[in-house]
1. When you have a sec, figure out the Kirkwood radius of segment 5-261 from all distinct Cα pair distances and drop it here in Å to one decimal?
2. Could you work out the per residue convex hull volume over the alpha carbons of segment 48-158, in cubic angstrom?
3. Rg over Rh of segment 201-264, using C-alpha atoms and the Kirkwood radius, what does it come to?
4. Any chance you could give the angle, 0 to 90 degrees and rounded to 10, that helix 175-190 forms with the longest Cα principal axis of the chain?
5. Report, in cubic angstrom per residue, the convex hull volume of the C-alpha atoms of segment 1-105.
6. Looking at segment 185-231, what % of the alpha carbon pairs are farther apart than 14 Å?
7. With labels modelled as points extended 7 Å from the Cα through the Cβ direction, what inter-label distance (nm, one decimal) is found for residue 219 paired with residue 235?
8. Cα axis of helix 233-243 to longest principal axis of the chain: angle in degrees, 0 to 90, nearest 10?
Ligand SMILES: [Zn+2]
């Protein structure tokens, strides 16, 4: 049993990281509390509660928050489980949360994501999910994976970008929609309903040296950088895309990320 690494980013926002000891991908998950419901972004890489106790951790954190917020009466306090994208290391824990009273687990196909959030013009549209005095903007984001979305939390100014933007490998499955997604995120940032302070993706893979990443499978990353990236990283990704070879596995390394063409 390896408990997640837990960081309260503010009084209503938790960052959870699945420990390397339970899965080398060590994805980040986020739990956001609103006055009417909470939102969990991603469920990690493991389906086994005894390896990574996701359900127990969500319950413990929710109970903590509800004790500090006694004015929130709804019981069971609803939980929406959504995903930055549908890759296995971000959805494996869904089954652990499905039985939870009050939980809604969003499906992982593009059609299910579009239907749940109410996109009319996917992906060129921003829709809003309200957690209760806490609006979350949901931005279409295919390119790394067809059902990918980004989530913007106006309260903290954090743009949650999954595997689309992170300090590590940016695996681009489809170059055209990926570029359109980065451009869409830039447009969103420029006209956002609240200042975009930082981007938080779902993994850290860079080593302590610019342009160098730990190889996939690494279990110990003593020199890894911070997860949070500056919103200005988006322009640097666009410029790297200009140089990206169209051949499979073509790559362009920058200080804080490595773009990899990864058609699958
Ligand atoms: Zn992924």
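1. Result for segment 5-261 stands at 18.5 Å.
2. In segment 48-158, the Cα convex hull volume per residue is 121 Å³.
3. Values: Rg = 12.3 Å, Rh = 12.7 Å.
A ratio of 0.97.
4. 60
5. In segment 1-105, the Cα convex hull volume per residue is 85 Å³.
6. The proportion of pairs with Cα distances above 14 Å equals 59 percent.
7. Output for this residue pair reads 4.3 nm.
8. Once rounded, one gets 40 degrees.
Bear in mind these aren't lab numbers, they're just calculated from the coordinates by the rules spelled out. It should be emphasised that the depicted structure is a prediction, and the values quoted were computed from it without experimental measurement. No Cβ is skipped: glycine too gets one built from the backbone with ideal geometry, and neighbour counts run over all protein chains shown.
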